[in-house]
1. Only one of these is of a type outside the set (D, E, K, R), modelled with pLDDT of 95 or more and buried (at least 20 other Cβ atoms within 10 Å of the Cβ): Leu626, Leu607, Leu587. Name it.
2. Kindly indicate which of Val463, Val443, Val434, Val447 is at pLDDT below 95, of a type in the set (A, V, I, L, M) and either open to solvent by 20 Å² or more (accessible area, probe 1.4 Å) or in contact with a strand residue (DSSP E or B) (Cβ under 8 Å, 6 or more places away or on another chain) (or both).
3. Can you tell me which residues in the stretch 575-618 are within 27 Å of the chain's Cα centre (by Cα) and not in a helix (DSSP H, G or I)?
4. Please enumerate the residues belonging to the stretch 233-257 that are of a type in the set (A, V, I, L, M, F, W, C), open to solvent by less than 10 Å² (accessible area, probe 1.4 Å) and within 16 Å of Ile317 (Cβ to Cβ).
5. Which condition number does Val129 fail, the rest of (1) in a loop (DSSP other than H, G, I, E, B); (2) at pLDDT below 85 being met?
6. Only one of (1) at pLDDT 60 or above; (2) open to solvent by 10 Å² or more (accessible area, probe 1.4 Å) fails for Ala154. Which number is that?
7. Within the stretch 669-681, is there a residue that is in contact (Cβ under 8 Å) with a residue 24 or more places away in the chain and among the hydrophobic types (A, V, I, L, M, F, W, C)?
8. Kindly indicate whether Thr183 is at pLDDT 85 or above, surrounded by 18 or more Cβ atoms within 10 Å (Cβ to Cβ) and of a type in the set (S, T, N, Q).
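The values are calculated or read from the model by the stated rules, or taken from the named source; none is laboratory data. Worth saying up front: this structure is predicted, and the values here are computed from it rather than measured. Cβ: placed from backbone, ideal geometry, glycine included. Neighbour counts: every protein chain shown. Surface areas here come from the heavy atoms of the whole protein model, side chains and all, with no ligands, DNA or RNA. Shrake-Rupley method; radii C 1.70, N 1.55, O 1.52, S 1.80 Å.
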Amino acid sequence: LLLTPLSSSIQSTKTMTISQDLFDETILENEECFDLPPLEALRETIDQFCQQLGHSPRQQQVVNGGDLPTTTIDDDENNDDVVMTLQSIPADMAHLTLTHPSTPHGQLERENRMNFRNWLSLLDDCVGVDGVVTLPSPPSPTLTTSLAADTVGADSEDVTIANNTTAQGSNDTIAEALAQLATKLQSNNHDALPYLIIFQQSSSIYTLMSFLTTIIQPTDNEHTINENAPTKEEVYKLQILRQTANTLISILTSSSKENVKCTALRGEIRDLFIVGLNRLVGLLFRLFVATTSVGDGTGDGTGNLKNVVLDLLKLSISAVRGCEGGKVAFVQSTLLDDSFVKVAAKTLTLCNTKRGGVQVLFTILSNTALKVGWEDESAMNMMIIEATCQLLTTLCRYDDFRTPSTAGGAGGAAAAGGVSTSSAHDHAMEFHRVGVESLLVKVADGVLNDLLLVDGEDTDGDVNDEEGLAKKELLAAAVLTALRVLAVNDEIIQTMVALGVLPIVTKALRLSVTTNDTAIDEEESSTRSNLLRKHRLAAGSLGVIRNLCGNDEIKTNLCLGSSTDHQQVSISSTPSALPHLLRAMQLYPTISPIQEHACGTLAAMALRRPSNARAIIDEGGPRLILTAMKRHEENVSVQRQGALAVRNIVSRLMRDLDGSSGDNVASGNTTVEDARSAIRDRFGELGVEDVLRNIAGRHQGSVDEAYAALRDLGYSVTLTKFSAEDLEGSNNSNVVGRTMMFGEKHNSNFRPVYEQSTGLNNAVDEAVSNFGA
């Protein structure tokens, strides 16, 4: 490429936003001034802007750019397409279409970007300076444009907005614009990055926040909705509200498959949405109260308030997931109108709390789950309860791992109102204080009893029965997961046990492994789909059991059992969960969460309980633990919990042989040393040394547990420390390590011997003299 001076039109790009018009003008200027062909002019323009922004991208011609941004350039001379990938596109240029403006592809891209901006302007025009949304009159029934929420998935190329369209000019364009925004911004759109940047730069997130007040204003104390006979205006507003919620879900929801730039932008937009969570909580509370006072929810399908409540619950999940500040704002929000809450308390079961987020979730659970018998419960009610449990789980789990530098310093736990640590424990305690566990236990017991009635029955291929069964299993898994995140201390665990959670989780685990199959990954499995559907139930029940095993008495009951399957002595008695736990490890060998929870549960059961450790060995636990570690070599969590399980089982039995507990396994002619050898042989025959040294031992997150397990098994093992400087270079064969001491850190600033720095006195004298001056 020609080395040319920067065009005069881009001399100040560091202090201005690069517009598409400026980019296009520069391409044409390079063509005219330097007599470059279109393709070379485009490349030169990209180089110029990147250089001006302080970047030096490497341009390539490739067939597949992978995860990197790509742009297709029409080469008219060769009648071929050239795909050009930039090694690193500056964020200031990611919103541009890096194509030539005269090519068909470039013109189509520019038209799509212009339409996107028109949609944003159309929505902005509906919001006044006071934040009040003014919608046009409801559209005529003769209009063919769909206003339903499922228009989110419409093809973005099929619908365009005329140049003369305004908010007052066409009644159906508001819903159309919301649907098109959702299509362009959803995470499965591989071209979402430029549209996310345009959306963020336009501050349209505040416009969508205002649209949440479309149906009920925050100060509207008297307005109710007749769901069985909604007015035309109410139906239209509910449709717009649902479309707004679905559009926000598409914007705020990240996907593990999208590139890191899109994920970071969605995180920044979630941080901006924090200010709207108080409004969202209030709207959710009001609309749920309306569903309990306007009939059975079987009126006009498009005006069904329960559908709107479900959409708002899903929006809440998307808004707080991965955003610690959002979780704090949701839980600590206030319901602005106390008089409305007092009126609702006359007909609904509320809790005594000032936390608006806690009040909303408690109200939904207490007035939906317990209203009718499970055999008559509607599918919509089950979906609402499931979404409520998922939201509660998200609020009580820390998943914001952004650094403070991400999102302009607003990322991570530091964004939570100055909080520097996770708020998961505090939120669990907030829900515990109002007694949410009792509601969850009742829901779990009801749905599991219903599943037991139909388990094993022939559905004769009835798709409806299969779908209903799957929904109930998903609901049970969601409730169990919510119970797991709440079980954060012994007080809450004891409360759950008193409520009867032990037989419930054992029942759930037994349901998840009820099959004649050997393993889920067998190709000849006749009930493979049934197992795939049940694995969430297995993971949920194992997660609860793992947390419950933090209590020594409870974990012994769960491991050894305090009753039979058909005889429950008390509310806290339960049959042994150990056989079902090991069965789950056999049935779901490829599902890492199940293997992690199972290994973690076995580790907790064996801790301080030699009798539990012996039961685990007798039931074949060591083989399944090591099989899980071999199958999930790269999963650090599985390696850590597996190594910890091996260590706890071995160490407790070894100590028991030394007589440190009252129950000695050495009896008759068997010596202590023989018993020790028998324990080592049980693990050694399974290849435990190789697994701990070469799999768990090479992960930084599991090396300590692997070391402890090898040590307690009697193998010769040391921890070796290598500094980063020692490992530099291509040849590491001469690197000499040394045994690392407990608590030692690399390059620690701690000096065990005091040494006065040279020149310290002079520095102090100089500082004192400067202060005196």
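1. Leu626
2. Every option except Val463 fails the conditions.
3. Those that are within 27 Å of the chain's Cα centre (by Cα) and not in a helix (DSSP H, G or I): Tyr588, Pro589, Thr590, Ile591.
4. Ala245, Leu248, Ile251, Leu252, listed by residue number.
5. Of (1) in a loop (DSSP other than H, G, I, E, B); (2) at pLDDT below 85, only one is false for Val129: (2).
6. Failed condition: (1).
7. yes
8. So Thr183 fits the description; yes.
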